[in-house]
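Let me begin by presenting the structure, written as C-alpha cells, before commenting on it.
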Amino acid sequence: MSKPEPVPGGQYHNSQVKRSTELIRVDRLKEQIGTEIKVVGKTYYLYERGVWVAHDRYFMRPLALRTMDLEDQTTNAVRAILDLAEDRWQEPASKFKGCIIFDTSGNVLINTLDAVLKVTPTTIEELPHSHEYFFTRQLQVVYTPGVDFPHYKKALQEGLPCEKDQKLKQLMMANIFYPSAKFEVALVEIGTAGSGKSTLAEPFLSMFGDKLKTPRVVSHLTIVQLCDSRTYGLAELESSLVNHAAELQSLEVADSSNFKTLVSGEPIQVRDIYEKSQVIRPTCKLWFLSNTMPRFKHGTAAELRRLRFLFYQHVASEEQFDSTLKQTLAQERDAIFSGWVLPALQELLTLNRMPTGGQGSINLMERFAISNDPLTAFMAAHCELKADAFTPTHLLVNRMQRFYEEEDFPSAFGNNPLKPLLERYPQLRQTRPGHLDRIRGIQGIFLRDK
C-alpha cells in the first residue's frame, strides 16, 4: 500500500491556516462585544457609558465560544482565541485612571454620569464622554448649576456656625476631587454622637456610589490599618478618591510613617491579597470622623502639619432629631457638588496652602500638638537650648512630670523621660559640672523660671 502524498507546505501550512482562523475568531469576538476593548495583563476592559469596566477571563469565555461552530468548541480553542486577543489589545496599566485627572494644561477633568467636566480657575465646561480619557471610575452625580441645596446649608450652619470653619470644610471636601496631594492634609472631624458630622458626610458618600459595589472610589480603612504596611487593602487606595473612616480609633498608633507617606502622596509599597507587591503613588485623601483626637506613639510636628481639624459642638435634642435628614441631604448631592464643591475646587487651583479654619479648629490643633508630641510642647513652654547651660537632672525631670500631669498626659511621661529628650536633641548630654560633683545634669539645656 503506497503512502499518501504530503500536503504542500506541510506543518507550516497547517499552522498558518490555524492562525488565520484564530484571527478571524478574534475579530468576531470584538464584533460581539460591540464596544472599545483593551487588556491589561489578563484583565479585560470594556468601555461602557463613559467608563472602562474591568472583567476577567471567565467573563470572556462564553463570548469566545460563540465565535466558533459547535464542533470546534474546545477548551484549547477558547484559550487560543483569548491568548491572541490579549496580545492584540494589550495596554499598559498606567494608561488607565480613576475618575479625576489633570489635562495637559493643568485643568481638572472629572468623570460624572452625564459628562466629563473640565474645571479651570474661571470656568466649568461640559465635555462629552470619550474612551480616550481611560476613566475606570465615575462619580454618581449630574452637573446641575444654579440649583439650591437649602437643607445642606442649614445643617452646615448648625454643625459649624463659624464661617472660617465652613470655608475649611468646603475646601477640604473640594480637595477630595483634586487629583494631587499638593496640599498634604488630612481632615479629622470631631464631635460627640448626634453632632451632625456623619450627617454632613452623607451627600458625599452618595456621590461616591454604593460602597459595596466595585469599582469603588471610596475606601474605608481605619487609621491603624492605614499605618500598618501589612494591610492588604492599601492597594485599593491607588484608585480611591478618599479613604473615609467613620470612627477614628482612640488607641495610640505605633507608627505614623505610612500616614505621612499617604497624606503627602509619596510612593509606597503595597501588596493585595494573593498578589505580588507593587509600588503605588496614591493621591487618595484621608478623612476621619471621631469622638476623640488621634495620637501617634512617637508623634512630632510632622503629623500636626498634615492635619486639619473641625469641631462639631451642636447636638440635636430628641425633639429636633430628624431620622430622614441624611436621605434628604443625599438627594441634594447634585446641587451640592455643582454649587458648593466645584467653586471651591476652582479656588483650590489658585491656592498654595490649605487654611486652618476658625478659632475652634485652631484650638484643636494646639491641643493635638501637645497630646501628640508633649515633649516638644514642654520644651517650647519651659526650656531653651544653650550650649553652655546646665540643668540638674532632678529639676528637669520634676518639671517635666508636673507639665505632663497638668496637661493630663501622665502616661506620656514614661519610666525614662530623659531617653526621648536625648534622642530628639542629640546636642544634649548627661554630665556633672565638676569632677567631684555628685549632682548629675543635662549640658546644653536651660530651664526657665516658672
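Checking every residue in the range 256-267 against the condition of being acidic (Asp, Glu), in contact with a strand residue (DSSP E or B) (Cβ under 8 Å, 6 or more places away or on another chain) and within 22 Å of residue 244 (Cβ to Cβ) gives zero matches. Scanning the range 264-307 for residues that are among the basic types (Lys, Arg), part of a strand (DSSP E or B) and surrounded by fewer than 19 Cβ atoms within 10 Å (Cβ to Cβ) yields a count of 1. Quick check on residue 434: is it farther than 25 Å from residue 256 by Cβ, modelled with pLDDT under 90 and small (Gly, Ala, Ser)? Yes: the conditions hold for residue 434. Annotation note: of 347, 319, the sole residue that is out of contact with any strand residue (DSSP E or B) (no Cβ under 8 Å at 6 or more places or on another chain) and modelled with pLDDT under 95 is 319. Applying the criterion of being surrounded by fewer than 18 Cβ atoms within 10 Å (Cβ to Cβ) and small (Gly, Ala, Ser) to the residues of the range 168-197, the residue that is farthest from residue 151 (Cα to Cα) is 180. Considering the conditions (1) modelled with pLDDT of 95 or more; (2) of a type in the set (A, V, I, L, M, F, W, C); (3) assigned by TED's automatic domain parsing to the domain that holds residue 288, residue 142 is excluded by exactly one of them, (3).
Name the one entry in 425, 404 that is modelled with pLDDT of 90 or more, under 30 Å from residue 185 (Cβ atoms) and not assigned by TED's automatic domain parsing to the domain that holds residue 312. Sole residue among the options that is modelled with pLDDT of 90 or more, under 30 Å from residue 185 (Cβ atoms) and not assigned by TED's automatic domain parsing to the domain that holds residue 312: 425.
Scanning the range 202-238 for residues that are among the aromatic types (Phe, Trp, Tyr) and either touching a helix residue (DSSP H, G or I) at 6+ places or on another chain (Cβ under 6 Å) or modelled with pLDDT of 85 or more (or both) yields a total of 2.
Each residue in the range 309-328 was checked for being among the β-branched types (Val, Ile, Thr) and not in a loop (DSSP other than H, G, I, E, B), and 1 of them qualify. Figure legend. Inter-residue proximity from the range 185-198: first residues closer than 17 Å to residue 308 by Cα, second residues basic (Lys, Arg) and not in a helix (DSSP H, G or I), beta-carbon distance below 8 Å, spacing 6+ or different chains. Indicated pairs: 185/306; 185/308; 186/285; 186/306; 186/308; 187/285; 187/308; 188/308.
The values are calculated or read from the model by the stated rules, or taken from the named source; none is laboratory data. What you see is a predicted model, and the numbers here were worked out from it, not measured in a lab. Note that we place each Cβ from the backbone using ideal geometry, even for glycine, and neighbour counts take in every protein chain shown.
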